[in-house]
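The values are calculated or read from the model by the stated rules, or taken from the named source; none is laboratory data. On a predicted model such as this, the values are computed, not experimentally measured, just so you know. Quick reminder, even Gly has a Cβ in these numbers, built from the backbone with ideal geometry, and neighbours come from all protein chains shown. Surface areas here come from the heavy atoms of the whole protein model, side chains and all, with no ligands, DNA or RNA. Shrake-Rupley method; radii C 1.70, N 1.55, O 1.52, S 1.80 Å.
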Amino acid sequence: MQIREFRAEDAAAVAQIFHAAVHGVARQDYTAAQCAAWSPEAAPGTVWQSRALDGRVIFVAADGRDQPQGFIELEQDGHIDCFYCHPDVAGTGVGLALYRQLEIRARDLGLKILYVEASEAAKRFFTRQGFSDEGRRDFERRGVMLHNYRMTKSLQ
């Protein structure tokens, strides 16, 4: 497994990872209706290509064939926007490797804080990485109520 920066040709695979993770990993903590509202279908690769052009850094975990297995996004202000691993590699250390690379980059950029809106599964992960839970956030997506947790970590 290697951790590298996102390439345009990763876009379709990243879209599939996002969708598979929501309906595989997140399904353990959210209902089928919630998962369907979260990701009704895999977004076109162009959506992910556009995200990569807004200044965020996207790290991809790629297998020995250079096929993406997971990804994590760091925005310029320290926001971790998306962090997903394919269900086949969830819990194998891929996510930890991605997060560690993100934190190294954040420190190199001089960021003082990281923050995230974490799902139930991500909350458990980020708690182990030293993030503090600042409270549950309830919101509606496509007419269905969902929730996540605002979490922060000081890098000082």
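Between Leu96 and Thr46, the modelled label-to-label distance comes to 4.0 nm, taking each label 7 Å out from Cα in the direction of the beta carbon.
Can you give me the accessible area per residue for the stretch 1-128, using a 1.4 Å probe, in Å²? Write down the numbers at each step before the final one.
Numbers: 6100 Å² over 128 residues.
For the stretch 1-128, the per-residue accessible area is 48 Å².
Phi angles of the stretch 139-151 translate, via the Karplus equation with coefficients 6.51, -1.76, 1.60 and θ = phi - 60°, into HN-Hα couplings of 8, 10, 9, 6, x, 10, 7, 10, 8, 8, 10, 6, 9 Hz per residue; Gly and Pro are given as x.
Write out the trypsin sites (Lys or Arg not before Pro) in the stretch 46-95 meeting two conditions: DSSP loop, and at most 13 other Cβ atoms within 10 Å of their Cβ.
Working: sites: Arg51, Arg56, Arg65; in loops: Arg56, Arg65.
Answer by residue number: Arg65.
Where a ≥ b ≥ c are the square roots of the eigenvalues of the C-alpha gyration tensor, would you call the stretch 53-131 rounded, which needs a/c under 1.5, or, failing that, prolate if a/b is larger than b/c, or oblate? Judged from the Cα gyration tensor, the stretch 53-131 comes out oblate (a/c at least 1.5, b/c at or above a/b).
For the chain, the mean residue ellipticity at 222 nm estimated from helices alone is -10000 deg cm²/dmol, where every DSSP H run of n ≥ 4 contributes -39500 (n - 2.57) and the total is divided by all residues, rounded to the nearest 500. Result for the chain in a Gaussian network model with C-alpha springs under 10 Å: among Leu109, Leu98, Leu146, the largest mean-square fluctuation is at Leu109.
Taking one quarter of the surface of the C-alpha convex hull of the chain gives a mean projected area of 8.7 nm².
At a 1.4 Å probe, what is the % contribution of carbon and sulfur to the accessible area of the chain? List each step's numbers first, then the result.
On the way: 3710 of 7870 Å².
Carbon-and-sulfur percentage of accessible area, whole number: 47.
Note on the stretch 55-156: dipole from Cβ charges, positive end direction compared against Ile113, His86, Gly64; the farthest Cα belongs to Ile113. Long hydrophobic helices in the chain, taken as whole DSSP H segments with a C-alpha length of 20 Å or more on their own axis and mean Kyte-Doolittle hydropathy at least -1.0: 94-108.
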